[in-house]
Amino acid sequence: MHKADFISRFGGVFEHSPFIAERAFDAGLIVEPLTASGVHAALTEKFRAASPDERLGVLRAHPDLAGKLAIAGGLTEDSAKEQAGAGLDRLSPEEHARFTALNTAYTTKFGFPFIIAVKGLAKDDILAAFEARIDNSRETEFDTACAQVEKIARLRLESFIPEND
């Protein structure tokens with residue numbers, strides 16, 4: 001696979017952060033045939049090697065859960081599917097107000113949006129995690145958010161690359 005094709009296909013796996021795919025490709029970490037686990041390992045290695053400011057940029061590229069972008073239809077296709085799968089596109093006005101309040105408090109405290117891999121979770125599970133994690137330290141939450149970003153990337157890759165190994 002050519003570099004441009006790889007970046008086009010995998011540059012969005014880590015939300016709006018094609019530099020991760022580019023660095024993985026340039027480092028020779030991409031081996032064909034492509035598998036979800038192989039590509040994930042390569043991308044994750046480069047995400048973890050990124051500077052703290054670059055990783056913060058990846059976190060900040062993620063949308064708020066059930067936030068303004070979701071309402072306006074401005075999510076990436078992957079984010080929209082993930083949020084809809086958790087029922088976040090069908091919140092009552094009260095639930096939406098709760099998510100909005102938590103999003104605001106969380107972003108104000110940590111400087112990046114609340115990130116959780118929503119696949120397999122219901123809105124109540126997400127709210128419970130939101131409420132538990134908002135009391136974390138910034139360092140703990142940064143590490144937790146980065147781990148969640150890696151999990152989201154793995155789930156995205158598993159959805160469109162067959163596993164051959």
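Restricting the first member to the range 17-32 and to residues that are over 22 Å from Pro52 (Cα atoms), and the second to residues that are open to solvent by less than 80 Å² (accessible area, probe 1.4 Å), the beta-carbon pairs closer than 8 Å and six or more apart or on different chains are Ile30/Phe6; Ile30/Ala24; Ile30/Gly38; Ile30/Val39; Ile30/Ala42; Val31/Gly38. Among the residues of the range 8-32, the one identified as of a type in the set (Asp, Glu), open to solvent by less than 80 Å² (accessible area, probe 1.4 Å) and more than 14 Å from Arg154 (Cα to Cα) is Glu22.
Filtered by the rule that a residue be more than 21 Å from Val58 (Cα to Cα), of a type in the set (A, V, I, L, M) and not in a loop (DSSP other than H, G, I, E, B), the range 85-141 gives Ala97, Ala101, Leu127, Ala128, Ala132.
Say whether the condition of being of a type in the set (Phe, Trp, Tyr), farther than 22 Å from Ala128 by Cα and either at pLDDT 95 or above or open to solvent by less than 60 Å² (accessible area, probe 1.4 Å) (or both) is met by at least one residue in the range 35-52. Checked against the condition, which is being of a type in the set (Phe, Trp, Tyr), farther than 22 Å from Ala128 by Cα and either at pLDDT 95 or above or open to solvent by less than 60 Å² (accessible area, probe 1.4 Å) (or both), the range 35-52 yields at least one hit.
The values are calculated or read from the model by the stated rules, or taken from the named source; none is laboratory data. Computed from a predicted model, the values in this text were never measured in an experiment. Quick reminder, even Gly has a Cβ in these numbers, built from the backbone with ideal geometry, and neighbours come from all protein chains shown. When the accessible area is computed, the model is the full protein with side chains, heavy atoms only, and any ligands, DNA or RNA have been set aside. Shrake-Rupley method; radii C 1.70, N 1.55, O 1.52, S 1.80 Å.
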